[in-house]
1. If you consider only alpha-carbon coordinates, what radius of gyration and Dmax does the stretch 170-256 have, in Å?
2. In sequence order, what are the phi-derived ³J(HN,Hα) couplings for the stretch 229-235 according to the Karplus relation 6.51 cos²θ - 1.76 cosθ + 1.60 with θ = phi - 60°, rounded to whole Hz, with x for glycine and proline?
3. For a protection proxy built on the mean count of beta-carbon atoms within 10 angstrom, sort 277-284, 362-369, 115-122 highest first, please.
4. Could you rank TYR383, TYR389, TYR240 by how accessible they are, 1.4 Å probe, largest area first?
5. May I ask you to derive the relative contact order of the chain, considering only C-alpha pairs under 8 Å and at least 6 residues apart, and to give it as an integer percent?
6. If you take the alpha carbon radius of gyration of the stretch 241-338 and divide it by 2.2 N^0.38 Å, what ratio comes out, to two decimals?
7. Amide H of GLY251 versus every other amide H placed in the peptide plane: which residues, excluding those fewer than 5 positions away on the same chain, fall under 5 Å?
8. With a 1.4 Å probe and all protein chains left in place, how much accessible area per residue does the chain have, in Å²?
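The values are calculated or read from the model by the stated rules, or taken from the named source; none is laboratory data. Fair warning: this is a prediction, and the values are worked out from it, not measured in the lab. Note that we place each Cβ from the backbone using ideal geometry, even for glycine, and neighbour counts take in every protein chain shown. Remember, those area values only see protein heavy atoms, side chains included, never the ligands or the DNA or RNA. Shrake-Rupley method; radii C 1.70, N 1.55, O 1.52, S 1.80 Å.
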Amino acid sequence: MGKRFLSLWFRHLTTDYMTIRRPELHHIPFVMAVPDHGRKIITAVNAAGRKEGIDAGMVVADSRVLYPTLEVVDEQPGLAGKLIKALALWAIRFSPVTAVDPPDGLLLETTGCDHLWGGEEAYLTAILGRLEAKGYHIRAGMADTIGAAWAVARFGQGNNILPSGQQRSALLELPPAALRIAPDTVDRLHKLGLVTIGPVAGFPRRALRRRLGPELLLRLDQAFGIEEEVLTPVQPVEPYLERLPCLEPIGTAAGIGIALERLLERLCTHLRDDGKGLRESVFKAFRVDGKIMETRIGTNRGSNHVAHLFRLFEEKIRNFEPDFGIELFTLDAPKVEEVTPLQKTLWTGACGTDDPRLAELADRICNKLGPGLIHRYLPAEHYWPERSYSEAGTFEAKPASPWPTDRPRPIHLLPRPERIDVAAPIPDYPPMLFRYQNRLHTIVHADGPERIEQEWWIEGAQHRDYYTVEDETGARYWLFRSGHYTGNHAHQWYLHGFFG
């Protein structure tokens, strides 16, 4: 199936927008203008103003000779660009590939979209009906190529839908300006007596290139479908994206849930076929009034389990407000990863990090309470305790070396050791008491020292002598003396962890 494109031309973009905001301007001629060297230059004219002979580029004072009571509105800088981008984002509900066509147009790739509306004619009627209801004057063209769609939208008769493969014959009777070429190139063609595309297309290509440059040939080839032209969407299209348009607006929580479940089934089927699972997913609901509601979830390991992913979304979609109804749902997975089916043993299931239920439990906790609450750590090949571990990126990550189990380690390890005041009798003896956070702890039991040194290749490497101690309340701590004993107790002893 060949590609199909739709070009939308907003003939009076900024003046239509101003009329929507100020309905009293609807039936009177008015212009939008910007100051220029002490005078005002017209940048846009509404339909009523054009009937009076007023056009963009004229000076306001001259235009008032034609229509003395002409209304003038100051144009906001960058207004047209902001409007056309906002309209492009709105049009995503009709096609995921929607691009801005400056200064006053949109381009949509409609391949495979129209069947949801019952064909291209009904599809185009739905789009134009919505835009005209907003108050925009619009023309449209649909064809196999971007160039042909653009040409018939601006120079064709009515809203043109060119049958597949008919773009060449439809373009031959149109003027050269329909090829999206520079105005000076159009003037030169007119001087040569080439006032339609037909004679231009029949002219020797070498002569056209020599006289008019390569742009004209490129635009001809793009319009006829010889040279491919690629759209740049206003929003990048994710490789894993599912859309669900609604024939009638959805206004109930049950309807939103059914739409989400259907999208998850389609997305997860696609992911399973490719051997992947999602790590992030975004669910969007496009309301009839133009508002877009969205929520997202994350997983700790790649998942394509529909029931689990639905539970993660279920709490969040309760906040969706359908208002007058939702006309489009989308679900995409911007972050995915490879997944492999877990091998099951004969008598028991997987355990530990290989058990998918553990990852799903972590997903539910993180999506309910917030990200960053659950961490998994792996041993790192460093001696000092605060450097001997690193955070794992995924549940599937495997340690490069085993956890050391030959000596006890505290349950709570401080990220940075804290200095403490210690009273110790002689070198290599455990301390008798220490002060931490203005509280004095008397040590009743102690074990050590355990010497831990830095890596040999570190210049000026130091060592630590660690002691496991217990105070009079039964609390156990992990203390160490840094470097060799010098008698300066206050600056050599540190608390590094708690055993319970």
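1. Cα radius of gyration and Dmax of the stretch 170-256 are 21.1, 66 Å respectively.
2. Residue by residue, the stretch 229-235 yields 10, 10, 7, 10, x, 5, 10 Hz.
3. Numbers: 277-284: 20.2, 362-369: 15.9, 115-122: 14.1.
So the peptides 277-284, 362-369, 115-122, ranked by packing, come out 277-284, 362-369, 115-122.
4. Values: TYR383 145, TYR389 75, TYR240 20 Å².
My answer, sorted largest first, is TYR383, TYR389, TYR240.
5. Values: 890 pairs, mean separation 45.3, N = 500.
Across the chain, relative contact order equals 9 percent.
6. Numbers: Rg = 13.0 Å, N = 98, 2.2 N^0.38 = 12.6 Å.
Its radius of gyration relative to the 2.2 N^0.38 Å reference: 1.04.
7. ILE326
8. Values: 27000 Å² over 500 residues.
With all protein chains present, the chain gives 54 Å² per residue.
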